[in-house]
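Some notes on the structure that comes next.
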Amino acid sequence: MLEYGDGDGDGDGEEDERWSLDLAGTPQLISNSESTLIDRPPPFSDQVLENVLENVLCFLTSRRDRNAASLVCKSWFNAEAQSRLELFIGNCYAVSPARAIFRFPRIRSLILKGKPRFADFNLVPLGWGASFFPWVAAMASAYPWLQRICLKRMTVTDADLALVACSFPSFRDLCLICCDGFTTAGLAAIAENCRCLHSLDLIENDVEDDEDEVVDWISRFPPGKTCLESLVFDCVRFIVNFEALEALVARSPSLWRLRVNEHVSVGFLCRLMAWAPQLTDLGTGSFSAFEEDDDFDDTLELAFKASKSLVCLSGFRDLAPEYLRAIYPVCANLISLNFSYAQITAEQLKPVIASCHNLQILWILDSVRDEGLQMVAATCKKLRELRVFPLDATEDSEGSVSDVGLTAISEGCQKLQSILYFCQSMTNAAVVAMSKNCQDLVVFRLCIMGRHRPDHLTGEPMDEGFGAIVKNCKKLTRLAVSGLLTDKAFAYIGNYGKSVRTLSVAFAGNSDLSLRYVLEGCPKLQKLEIRDSPFGDAGLLSGIHHYYNMRFLWMSSCKISLKGCKEVARRLPLMGLEVITDSLEDDNNGGVEKLYMYRSLVGPRNDAPPFVKLL
């Protein structure tokens, strides 16, 4: 079964699996003559073989394994197409809906991604594209049995959601991540018409209602017992009908995940928890009291004591620290704890983390400082994933965590597999220590927020630290680099990063050699994101041999020219190349502000806005 990822968010180690061989691959994999073979009825013996194969292939759950199986021969190709029920498309412009439907006629589940990841940082202008409408319009007639849709960074309208709600009678699961374009009216259509709904997960979306047009979508769920297992709406910034929400929770005995928004106070939370003691994943909402709340201090603690199945906690928006003691009873069972919206100090964290011996995932703000991370390292020996976010993300902010915290984590949490660490200062020694202590790392993302910052103790570039990571962490698939880096760091990545699939570069490198080392040395590289780095046309052209094997390349605020981009387009006619400007008036004297390049089987898209030039 395909995973949604994080993600990834773009969380993303598991999301980096190749999806391309079933649809894109190298552009020569599915030629016109080859695709016509699907139309020809095979001989009886071949048909028998394909029937047998379909029953065998259903046991292949990895996308990569199924893609490999489809390349064995024509019979395997056909059998894999007929038996695949779940489809992952990493770029909505890499293939047309019609081609996807033709290739895979029995899909029950779709995962579809749209805008580049840098849209999360406002680097992709509004109106760029990634509309869901062409997909849902095609699927409405082709896949009436569709049960599951997960969209990430797509533009989804209320009409799209209404079409989903009325087109798929057995529809069960909708997950929208970092999407925009819809309002509570669209959510109401899903709630009212999807009678078999098991999950509605809204994660970091921009829900675009005006205050006077908000629809009471929670009340639209049908009366009576529901099938609901997961309801996530912490990103919906509007007040919900609490009585309707309480009634919905009460008649949803299978509900295991509930994440509410900031308008749900701890008083309301107590009442919800009383109806759903079976919850394993809870997003708490504001975690502060409202004026209308009664005295509930003891009730809140009792509610958590009664939640014996609770293993994942998040929320804590507008945190009132005096209520933190209520969660102490569940800390020993916690596997995942998300404090990324809670500005807590090391002293406030201490009694919480002291019992979290089983914790595997921790997201936290740097307000806990190095002292807080030392507490985590001393207690959370089973930690697999750590994300430390900045309270103040500006370049000149005063850093609250440093190499001291990173060193403590590497020494205390040696089972760590994924880390995202924002800081203002770092040392090579701390990064080298992590590479030696945490050799199971799959994801290493170190974001030194100030530009071109060296080792703050020695003044040397951070080359040796990142070099040690790629040398010692053999399982590494995702890497983000920052700080003062020279070509030497990228030579290390090219020489040792043979498993790296995703590389993010910011304010790094000192010549085109850096890009050349990576593009020539990392055979599995799928996604390359570069911003504010001194790479020009020579570096861009050094990857000509590899771009057909990549999912995408993003470059912004580099030194590439329109001439260089056109040369790539001439030599790779089956690649999609987009030159993006922030406005129609932008004139960079032949320079390119933003380049987005991706594999495509369908040629230039037909919905590009005026500020996007297709090459």
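The values are calculated or read from the model by the stated rules, or taken from the named source; none is laboratory data. Model, not experiment: these values are computed from the prediction. Reconstructed Cβ throughout: ideal geometry from the backbone, glycine too, with neighbour counts over all protein chains shown. Side chains included, ligands, DNA and RNA excluded: accessible areas come from the protein's heavy atoms. Shrake-Rupley method; radii C 1.70, N 1.55, O 1.52, S 1.80 Å.
Remarks
- If only the Cβ of Lys and Arg carry +1 and only the Cβ of Asp and Glu carry -1, the dipole of the chain around its Cα centre is close to 3120 debye.
- Count Lys and Arg as plus one, Asp and Glu as minus one, and take only other residues whose Cβ is under 11 Å from that of Leu310; the net charge is then +2.
- Distance between region 414-439 and region 516-534 - C-alpha centres, whole angstrom: 21
- With a cut-off of 11 Å between beta carbons, the residues surrounding Tyr517 carry a summed charge of -1, where Lys and Arg count +1 and Asp and Glu -1.
- Selection among Thr486, Leu420, Ala569 by position relative to the dipole of the chain gives Ala569 as farthest towards the positive end (Cβ unit charges, Cα centre).
- Dipole magnitude for region 263-403: computed about the Cα centre from +1 point charges on Lys and Arg Cβ and -1 point charges on Asp and Glu Cβ, it is near 960 debye.
- Gain upon complete extension [Lys475, Ser254; 0.36 nm per residue less C-alpha separation]: 75.8 nm
- Report note on the peptides 220-226, 398-404, 242-248: ranked by the mean count of other C-beta atoms within 10 Å, highest first, their order is 398-404, 242-248, 220-226.
- Amide H contacts under 5 Å for Met426, placed H, 5+ residues apart: His456
- Computed on protein heavy atoms with a 1.4 Å probe, the accessible areas place Tyr598, Tyr492, Tyr328 in the order Tyr328, Tyr492, Tyr598, largest first.
- About the centre of its Cα atoms, region 356-484 shows a dipole size close to 800 debye [charges on the beta carbon of Lys, Arg (+1) and Asp, Glu (-1) only; nearest 20 debye].
- Put simply, when 571-580, 495-504, 451-460 are sorted by average Cβ atoms within 10 angstrom per residue, most first, you get 495-504, 571-580, 451-460.
- Helix-only [θ]222 nm of the chain, DSSP H runs n ≥ 4, -39500 (n - 2.57) each, per residue, nearest 500: -8500 deg cm²/dmol
- Rounded percent of accessible protein surface that carbon and sulfur make up, the chain, 1.4 Å probe: 53
- Dipole orientation for region 184-244: of the candidates Val236, Cys194, Val215, Cys194 has the Cα lying most toward the positive pole (charges on Cβ; Lys, Arg +1; Asp, Glu -1).
- Counting charges near Ser230 (Lys, Arg +1; Asp, Glu -1) among other residues having Cβ under 10 Å from its Cβ returns a value of -2.
- For region 92-169, the relative contact order is 39 percent, taking Cα pairs closer than 8 Å that sit 6 or more residues apart in sequence and dividing their mean separation by the residue count.
- Three-way shape call for the chain based on the alpha-carbon gyration tensor, with the a/c threshold at 1.5: oblate
- Of the residues Trp256, Trp135, ranked by 1.4 Å probe accessible area with the largest first, the sequence reads Trp256, Trp135.
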